[in-house]
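Down below is the structure, laid out as structure tokens.
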Amino acid sequence: MGRSQICSALAILALFFFSSALADDVVVLTEENFDKEIGQDRAALVEFYAPWCGHCKKLAPEYEKLGASFKKAKSVLIGKIDCDEHKSVCSKYGVQGYPTIQWFPKGSLEPKKYEGARSAEALAEYVNSEAGTNVKIASIPSSVVVLSSDNFDEIVLDETKDVLVEFYAPWCGHCKSLAPIYEKVATAFRQEEDVIIANLDADNHKDLAEKYGVSGYPTLKFFPKGNKAGEDYDGGRDADDFVNFINEKCGTSRDSKGQFTSKAGIVESLDTLVKEFVGATNEEKKAVFSKMEDEAGKLKGSAARYGKIYLKAAKSSMEKGADYANNEIQRLERMLAKSISPTKADEFTLKKNILATFA
């Protein structure tokens with residue numbers, strides 16, 4: 001499939017399909033839902049934060065671990081609120097610095113400030129003490145591939161893979177701030193076999209850092225399939241910046257949550273034929289379908305898989321009538337709204353996106 005793709009007619013709905021290291025296990029609070037979530041039938045630990053705050057960024061992976069660990073504890077809510085966005089709530093609770101962490105007992109809007117350490121373990125111990133729970137911090141595997149002198153060439157120089165590498169130092173503050181964002185990016189692309197998000201402790205592997213001209217941390221380099229000399233990454237450091245970069249360079253179609261976008265599965269050459277197919281008479285559709293079969297036969301790799309979905313959709317449309325695409329899209333949307341595996345969610349989204357071209 002070429003890297004040039006066009007948007008399908010329908011925007012993809014939100015998918016609720018997996019819990020990951022950086023999934024929404026921490027409840028996002030706002031001015032609209034704060035009083036509905038807090039002070040009700042469960043106790044709550046709330047982080048008041050600002051997006052630009054360095055200490056908040058450092059806390060983020062620990063707080064996410066806490067949220068993931070307490071996700072099934074029905075008596076406790078782990079939440080956070082952006083004080084830049086929701087100043088009135090933060091002002092109401094006397095927040096003056098970030099992050100501020102407050103404990104709201106069950107049924108109460110009178111909090112007490114948490115003054116302890118900011119590790120997931122310390123926070124869990126505090127919540128367990130206050131709520132009478134017995135939750136332990138879950139061990140969450142990283143999606144970032146750890147590089148070393150032993151595996152660097154095997155992984156990074158693999159001509160069948162697109163690899164983004166962060167050269168970092170353990171003592172580097174900017175590297176620590178980037179860590180939760182980089183983990184989120186790695187998680188977003190973990191379903192993509194040809195894309196690898198990796199890092200290297202350059203302080204411990206100075207020879208590799210020197211070989212690739214690394215003199216400051218973090219340094220990010222992209223090693224695409226066609227250029228194993230490496231290219232400097234000079235883009236933004238937000239998750240969306242990295243995700244957009246990978247999508248553009250690798251021809252993928254993911255968002256920052258790892259979900260397929262509405263562009264996923266769309267093949268430009270087949271999409272053009274679908275437009276012709278939809279506007280054709282029943283007799284003319286057979287001729288257009290023949291063209292689609294010829295075009296699908298030329299596709300390679302993942303595009304060949306998408307081509308089969310196009311052909312199946314076209315054949316079903318001829319057999320079941322004009323309403324087939326819309327009816328099938330509605331069925332898939334119902335399936336996507338359920339708790340399903342990432343693999344199934346990808347499969348259903350691809351079908352939905354391609355069917356949308358027939359709708």
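So, in region 35-52, how many residues would count as being surrounded by fewer than 22 Cβ atoms within 10 Å (Cβ to Cβ) and either touching a Leu at 6+ places or on another chain (Cβ under 9 Å) or in contact (Cβ under 8 Å) with a residue 60 or more places away in the chain (or both)?
Number of matching residues: 6.
Quick test for you: out of G173, G213, G116, pick the one residue that is assigned by the TED database to the domain that holds G67 and among the small types (G, A, S).
The match here is G116.
Sort through S129, S142 and tell me the only one that's open to solvent by 30 Å² or more (accessible area, probe 1.4 Å) and part of a loop (DSSP other than H, G, I, E, B).
One residue alone meets the criteria, S142.
Tell me, which residue of region 264-285 that is under 17 Å from K352 (Cα atoms) and surrounded by 19 or more Cβ atoms within 10 Å (Cβ to Cβ) is farthest from the chain's Cα centre (by Cα)? Write out each step before concluding.
In the first step, residues of region 264-285 are kept if they are under 17 Å from K352 (Cα atoms); the result is 264-268, 270-271, 274-275, 278.
Restricting the remaining residues to those that are surrounded by 19 or more Cβ atoms within 10 Å (Cβ to Cβ) gives 264-267, 270, 274.
Details: A264: 14, G265: 18, I266: 20, V267: 23, L270: 28, V274: 30 Å.
Checking each candidate, the answer is V274.
Could you list, in sequence order, all residues of region 286-310 that are open to solvent by less than 70 Å² (accessible area, probe 1.4 Å) and over 25 Å from Q259 (Cβ atoms)?
A287, V288, F289, S290, M292, E295, A296, G297
Kindly indicate the residue of region 151-209 that is buried (at least 21 other Cβ atoms within 10 Å of the Cβ) and among the aromatic types (F, W, Y) and also nearest to C53 (Cα to Cα) among those meeting that condition.
Of everything passing the filter in region 151-209, Y182 is nearest to C53 (Cα to Cα).
For region 279-297, does any single residue satisfy the condition of being within 30 Å of D234 (Cβ to Cβ) and either without any contact (Cβ under 8 Å) to a residue 40 or more places away in the chain or assigned to a loop (DSSP other than H, G, I, E, B) (or both)?
No, every residue in region 279-297 fails to be within 30 Å of D234 (Cβ to Cβ) and either without any contact (Cβ under 8 Å) to a residue 40 or more places away in the chain or assigned to a loop (DSSP other than H, G, I, E, B) (or both).
Before we move on, is K72 out of contact with any Lys or Arg (no Cβ under 7 Å at 6 or more places or on another chain) and assigned to a helix (DSSP H, G or I)?
Against the criterion (out of contact with any Lys or Arg (no Cβ under 7 Å at 6 or more places or on another chain) and assigned to a helix (DSSP H, G or I)), K72 does not qualify.
What residue, of T261, T343, T357, is among the hydroxyl-bearing types (S, T, Y), open to solvent by 70 Å² or more (accessible area, probe 1.4 Å) and either touching a residue at least 60 places away in the same chain (Cβ under 8 Å) or at negative phi (or both)?
Just a single option satisfies the conditions, and that option is T343.
Return the pair list, or none, for Cβ contacts closer than 6 Å from residues in region 170-188 that are more than 20 Å from P342 (Cβ to Cβ) to residues that are open to solvent by less than 30 Å² (accessible area, probe 1.4 Å) and in a helix (DSSP H, G or I), at least 6 apart or on different chains.
Short answer, once both residue conditions are applied: I181/A239.
A quick yes/no check of all residues on (1) touching a residue at least 12 places away in the same chain (Cβ under 8 Å); (2) in contact with a His (Cβ under 8 Å, 6 or more places away or on another chain); (3) closer than 21 Å to K176 by Cα:
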position	(1), (2), (3)
S69	yes, no, no
A73	yes, no, no
V76	yes, no, no
I81	yes, no, no
E85	yes, no, no
S88	yes, no, no
K106	yes, no, no
E121	yes, no, yes
N134	no, no, no
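For D241, state whether it is of a type in the set (D, E), in a helix (DSSP H, G or I) and at pLDDT 95 or above.
Spelling it out, D241 is indeed of a type in the set (D, E), in a helix (DSSP H, G or I) and at pLDDT 95 or above.
Out of (1) in contact with a Lys or Arg (Cβ under 9 Å, 6 or more places away or on another chain); (2) closer than 25 Å to G251 by Cα, the odd one out for H174 is which?
(2)
The values are calculated or read from the model by the stated rules, or taken from the named source; none is laboratory data. In this text the structure is predicted, and so the values were computed from the model without any measurement. Here Cβ is always computed from backbone atoms with ideal geometry, including for glycine, and neighbour counts include all displayed protein chains. Remember, those area values only see protein heavy atoms, side chains included, never the ligands or the DNA or RNA. Shrake-Rupley method; radii C 1.70, N 1.55, O 1.52, S 1.80 Å.
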